[in-house]
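Everything on this sheet refers to the single structure shown next.
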Amino acid sequence: MNKTRKTRKIANKVLAFCMAMVVCIAGSLNGMTVQAATVRATAAMEDLFVEKNGTFSSTGDVYTFTTNTTKDFYLEIDVVDPSISVDVAITPLNGGTPSTATITGEKWIQDKDYPDIYFDVLGLTIPAGSYQVKISSKNAGNYMVIGWVEDAVSLSATSLSLSAGQSKTLTVSGTTEAVQWSSNNTSVATVDSAGKVTAKKAGKATITATVGDRTLTCSVTVKKPVISAKSFTITAGQKKTLKVTGKVGKVTWKTSKKSVATVSSKGVVTAKKAGKATITASVDGCKLTCKVTVKKNEYTASSASNGEAGYGVWFNVTKISYDKKGQLVCKVQIINNSMNNVEQLRNFNISVLSKSGAVIGSQTIGKKSLFIYSGSNKTISITIPKSKVKKKNADLRTATPKCKGDYVYRR
């Protein structure tokens, strides 16, 4: 608040007050008694406090007043001795925490027109109600007090959170005076003559509205919306949630290909079948995209040659997938690098584990006849029945198979 003295209709009182203070003689100034030994003022409050919708009264150094609406209350104290210290307390009479201030030597402002007078002006926005103003000082001295209220001037918002490119218009209420707008960081946020704030880039700025000698501020934080992933690969049947941070408004989600991947209003992406789709998040005037690649839900591995395996009989799982019945169909390559022909598998077990190590399904076969010549390999199919499948829609693409068992050979 730019501090200026209240000069409405009291210019002759101020001049008389100045003269009385200088000579330090007690006297009567248009109904105000000025006493040299104490900080005290008594008067009809109509002369000292002006308020359009209320009535003020005073008892000694205690003043009370009532306002029916939210107002800006101002209290001006004038002294001739800038070394004194004055305590001020403004207390709601219906209960509440007092607003207090102490005016000391360095806070007094010398009046340019009346250099023998020093003053300070306190300002406070108050809601409707009754209040008590108490003025006291430990120092001897004279003062004059002027209290008044004005229509509360307020800004429509004291803080804003915007995304880059977004705009919001601020308004000032309670005044018909012209408003001057400014920004302390135009690279982050600008404001035009109508109070329209436009976010430019991530950062912070302060928008100031100047109305006469009053300044109102709004803290602006500009955020840049960011999507949690710009691309990812997912297995058909699986879900992944996308999020947008640094946003202000509501996010609208959309997919470019519903047959490949859908997205919910909360950003949950559900992979449908192998293919590619683009998920778009629209928020705060921005469009953020994420490219999704959906892979078929199956485990695959390359077949091995006998030369790649060591001596003995080896098991290599090359494919695992769900069939229409919900069973797991496993393709197992058996590599015979022994000196004998393999005729039979016994107590053969295959287990499929998830990425976290949990069992998806497991099956043990007591006996399975087959014939694999020494130095050759063969791929067989083993089905894990639905009753042995613990996870009905697991991510097989990231699964790990494990095999063990015995075999019967013939020389």
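The values are calculated or read from the model by the stated rules, or taken from the named source; none is laboratory data. A quick note: this is a predicted structure, and the numbers were derived from the prediction, not measured. Don't worry about glycine lacking a Cβ; one is built from the backbone with ideal geometry, like all the others, and counts go over all protein chains shown. Quick note on the areas: whole protein, heavy atoms, side chains included, nothing else; ligands and nucleic acids left out. Shrake-Rupley method; radii C 1.70, N 1.55, O 1.52, S 1.80 Å.
I'd like to check something: does region 356-365 contain any residue that is under 25 Å from residue 306 (Cα atoms) and touching a residue at least 12 places away in the same chain (Cβ under 8 Å)?
Of region 356-365, the ones under 25 Å from residue 306 (Cα atoms) are 365.
Checking which are touching a residue at least 12 places away in the same chain (Cβ under 8 Å) leaves us with 365.
Yes; the residues of region 356-365 include at least one that is under 25 Å from residue 306 (Cα atoms) and touching a residue at least 12 places away in the same chain (Cβ under 8 Å).
In the set 256, 264, only one residue is surrounded by 14 or more Cβ atoms within 10 Å (Cβ to Cβ) and not charged (D, E, K, R); that residue is 256. With respect to the conditions (1) buried (at least 19 other Cβ atoms within 10 Å of the Cβ); (2) at pLDDT 95 or above, residue 337 lacks only one, and its number is (1).
Residues considered: 295, 324, 319. Of these, the only one that is among the basic types (Lys, Arg) and in contact (Cβ under 8 Å) with a residue 24 or more places away in the chain is 295. Candidates are the residues of region 230-239 that are of a type outside the set (D, E, K, R) and open to solvent by 20 Å² or more (accessible area, probe 1.4 Å); the one that is nearest to residue 286 (Cα to Cα) is 231. For region 278-294, the criterion of a residue being open to solvent by less than 60 Å² (accessible area, probe 1.4 Å) and of a type in the set (Gly, Ala, Ser) is satisfied by at least one position.
One residue stands out among those in region 347-359 that are closer than 20 Å to residue 238 by Cα and out of contact with any Pro (no Cβ under 6 Å at 6 or more places or on another chain): the one that is most open to solvent (accessible area, probe 1.4 Å), which is 355.
Scanning region 163-193 for residues that are modelled with pLDDT of 90 or more, open to solvent by less than 50 Å² (accessible area, probe 1.4 Å) and of a type in the set (A, V, I, L, M, F, W, C) yields 170, 172, 179, 181, 188, 189, 191.
Taken over region 360-408, the criterion of being part of a strand (DSSP E or B), within 17 Å of residue 345 (Cα to Cα) and open to solvent by 60 Å² or more (accessible area, probe 1.4 Å) is satisfied by 364, 367, 368, 369, 371, 377, 378, 379, 402, 404, 406, 407.
Which one is most open to solvent (accessible area, probe 1.4 Å), of the residues in region 114-146 that are charged (D, E, K, R) and under 20 Å from residue 61 (Cα atoms)? So the residue we want is 138.
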